[in-house]
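These notes concern the structure reproduced below.
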Amino acid sequence: MMDAMTGRNDPCPCGSGRKYKHCCLRADEARARAARAAGGSWAGTAPGGGAHSGGREFTTEDAQAMMLRQTGFSTPEEMQAAMDEYGAFCESLPDDADIPTFMEYLGRRSPASDLTRQIRSEVEGREFGSFQELQEHLGERMASINDGPKEDFEGLSPARMHEILHARETKRVPLLRFNAALAAADAESSPLVETIRWVLRYHADHGGAIRLTDRDNYPRALCRAYMARFIPSYREGMPVSNEESLTLLVRGHDIIFQNDWTEESRNRSELTTEGVQMLSTKGAVTIFQRAVEFLLLREDWTDSLPDSYEGALTHLALIQNAAIFSLYLLSRHPTGTIGELFNRFTRAFPDFIKPAQGDRRTIDWLGDFFATFFVNDFCVPLGLVTVISADRYRTTDLFTNALSFEV
């Protein structure tokens, strides 16, 4: 199991001799996420505020606090008084009257209750030959609803959205299609693809193999050459950063290793046959597709957050889980403000901002996470989006030429 003191680049505690992030880290993170999900829900962490701790028993107090948030009452006494009034109201209704849910009684109807009422009104007065016939009718009706497009999903069906949200579990990318005829020059316009090909070329130029540091990072000599190539402000003689402070290089290293383009052992990184193939003209197109799939399905976008955000990780993970939908939004709205893009995202996933309870500061805080995770840390490094100003974006030619969506 994961040790709180084990760093990503430390030797794995399992004793394999491999770097922790290349061995047991992802399995440990998956167990930790499951424990957090079982331990309770996040009640909303305002900027600078604390967060609930994960991995504990979900108590009666937790359930009560959740109900207070959902119903909008300040105290249990207020909520109990409203429930008593609701009970008395229901008892006063005629026997044949529809009984509203508690949230409907409070004037807060939900899509689920609306759907239930819609289906009930459709079958009311109809005669069915058997209970099985009724079940078959309801099954067909629910299937047609799940397969039908929804306005809040910008024309996608609930069934397709379910596939998108579970892509990281199934390890397949629904809806999104890669253009097999993409030009290599387009793929090479991606900063991440350019970084990966540069690292592979660096290996090739140094006899096909380089020494790694004791923490299995790339050596300072490589980092110095990388900074001279990609960081305009770098000048000869300036202090050289290590790999861990060069974000794009770290991600490129992970993608290279996970795709077996290099083989690492005993502080040595050696170019593989597959890695050599990635240096060919068409290799850039393969690297681009593999990089997109890696960032969508395998990398954990919340991994860099400090421990103080632990209670919010499961909540914030929705940004990554729904990233394919956000790419679809970009295809439909290729230019605009990031704020508008976030509003479209929350229209499809209103529960994402529900913990904010209408507080503008907390909603903006969640919007900043969306902008950071999806736009700045995913789309920009891949070369899919250009940020024109602080809040404006536009998709790139690479986005248009590389991606399509099977609606």
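Only Lys, Arg, Asp and Glu count, each charged at its Cβ (+1, +1, -1, -1), so figure out the dipole size of segment 131-280 about its Cα centre, rounded to 20 debye.
740
Run the quick spin-label model on residue 128 and residue 270: label points 7 Å from Cα toward the beta carbon, then report their separation in nm to one decimal.
6.7
Just the number, please: carbon plus sulfur as a percent of the accessible area of segment 163-313, 1.4 Å probe, no ligands or DNA/RNA counted.
Of all accessible area on segment 163-313, carbon and sulfur atoms account for 47 percent.
With all distinct Cα pairs included, what does the Kirkwood hydrodynamic radius of segment 291-344 come out to in Å, to one decimal, could you say?
Computed over segment 291-344, the radius equals 12.6 Å.
Using 0.36 nm per residue of separation minus the Cα-Cα distance, give me the extension gain between residue 309 and residue 376 in nm, one decimal.
Stretched out fully, the residue 309 to residue 376 stretch lengthens by 22.2 nm.
Sort segment 172-326 into rounded, prolate or oblate with this rule: let a ≥ b ≥ c be the square roots of the eigenvalues of the Cα gyration tensor; rounded if a/c is under 1.5, and if a/c is not under 1.5, prolate when a/b is larger than b/c, oblate otherwise.
oblate
Which of 331, 309, 387 sits farthest toward the positive end of the charge dipole of segment 296-395, with +1 on the Cβ of Lys and Arg and -1 on the Cβ of Asp and Glu?
Checked the options; the winner is 331.
At 7 Å along the Cα-to-beta-carbon direction for both residue 401 and residue 388, put a label point, then send me their distance in nm to one decimal.
It is 2.1 nm.
Taking the simple approach of a point 7 Å from Cα along Cα-to-Cβ for both residue 80 and residue 361, what is their distance in nm?
3.2
Find the relative contact order for segment 303-407 and round it to a whole percent, using C-alpha pairs within less than 8 Å whose residues are 6+ positions apart.
Once normalised by length, the contact order is 29 percent.
The values are calculated or read from the model by the stated rules, or taken from the named source; none is laboratory data. Source: prediction; values computed, not measured. Ideal geometry is used to build each Cβ from the backbone, glycine not excepted, and the neighbour counts take in all protein chains shown. Heads up: the accessible areas ignore ligands, DNA and RNA and are worked out on the full protein's heavy atoms, side chains in. Shrake-Rupley method; radii C 1.70, N 1.55, O 1.52, S 1.80 Å.
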